[in-house]
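These notes concern the structure reproduced below.
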Amino acid sequence: AQKVTQAQTEISVVEKEDVTLDCVYETRDTTYYLFWYKQPPSGELVFLIRRNSFDEQNEISGRYSWNFQKSTSSFNFTITASQVVDSAVYFCALSEAHPAGGTSYGKLTFGQGTILTVHP
Amino acid sequence: SAVISQKPSRDICQRGTSLTIQCQVDSQVTMMFWYRQQPGQSLTLIATANQGSEATYESGFVIDKFPISRPNLTFSTLTVSNMSPEDSSIYLCSVPGQGGDTQYFGPGTRLTVL
């Protein structure tokens, strides 16, 4: 069975601080996909990143960066120079490969989420 | 990318009644998923809706409580039957990206059961 653990329930930082959100996963699949989503107070889910299990290259997108380490089954997310608008719930998720192969994804298993509050 | 709409966006219902939630996608997709997010909790998959076959339910969810229809490749409905306050949640539908880039989510239906 798949499992995603976000050990940090809540994080509170002051604006401009860097913050790292941890994500640890468990799966028996050899091919899988990892995601990060942001859920602001309005409730919609905003896609941030998807990472394939066979691509361990770290990624940077503006103030966001992701560190994928297969050896420790971790997919951590760092926000540099945090801003008040970053305040939200952040979810890490794991998807099995599509049963028939190809590029579509299967169902997502979500972590419990980390509530990030950035104070001015 | 896929654009997903859901109706209603929110509703307040009485105990014992049923509510049907609609999910419309702007492109044809084989698989659609229904998730539930209880207050302050994470998202939990309810079922996978496949066109032309019965929905596949996850452990803890049954068809009598959450019947699903999938009449075509762009539309699905989820009914929450015989509601109780414990059913108060956000219900979201999602579809995989055709190009393998992501999983798209609808805006959600916020349900409150009194």
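What follows is calculated from the coordinates using simple rules that are stated; it is not laboratory data. Note that the coordinates shown come from a computational prediction; the quantities given were computed from them, not determined experimentally. No Cβ is skipped: glycine too gets one built from the backbone with ideal geometry, and neighbour counts run over all protein chains shown.
What to note about this one:
- Projected label distance in nm at residue B:61 and residue B:84, using a 7 Å step from Cα toward the beta-carbon: 1.8 nm
- Annotation: lysines with alpha-carbon distance below 18 angstrom to residue A:70 (same-chain offsets under eight excluded): A:3.
- Å³ per residue enclosed by the Cα convex hull of segment A:1-79: 115 Å³
- For the protein assembly as shown, the Rg and Dmax computed from alpha carbons only, in angstrom: 17.8, 52
- Among the cysteines of chain B, B:13 have no other cysteine beta carbon within less than 4.7 Å of their own.
- Difference of contour (0.36 nm per residue) and Cα-Cα distance, residue A:42 to residue A:64: 5.8 nm
- The residues neighbouring residue A:31, those whose beta-carbon lies less than 14 Å from its own, together hold a net charge of 0 under the Lys/Arg +1, Asp/Glu -1 convention.
- Bridge orientation summary for the protein assembly as shown: considering DSSP beta bridges with both residues in this region, about 90 percent are antiparallel.
- Gain upon complete extension [residue B:14, residue B:41; 0.36 nm per residue less C-alpha separation]: 7.5 nm
- Estimated FRET transfer efficiency (residue A:112, residue B:73; beta-carbon r; R0 22 Å; 0.05): 0.10
- DSSP finds beta bridges in chain A, and of those with both partners inside it, around 90 percent are antiparallel.
- Its alpha carbons give segment B:9-93 an Rg and a Dmax of 12.5, 35 Å.
- Excluding exposed DSSP-loop trypsin sites (Lys or Arg not before Pro) (at most 11 other C-beta within 10 Å), longest clean stretch of chain A: A:29-120
- Spin-label model, residue A:81 to residue A:12: label points 7 Å out along the Cα-to-beta-carbon direction sit 2.6 nm apart.
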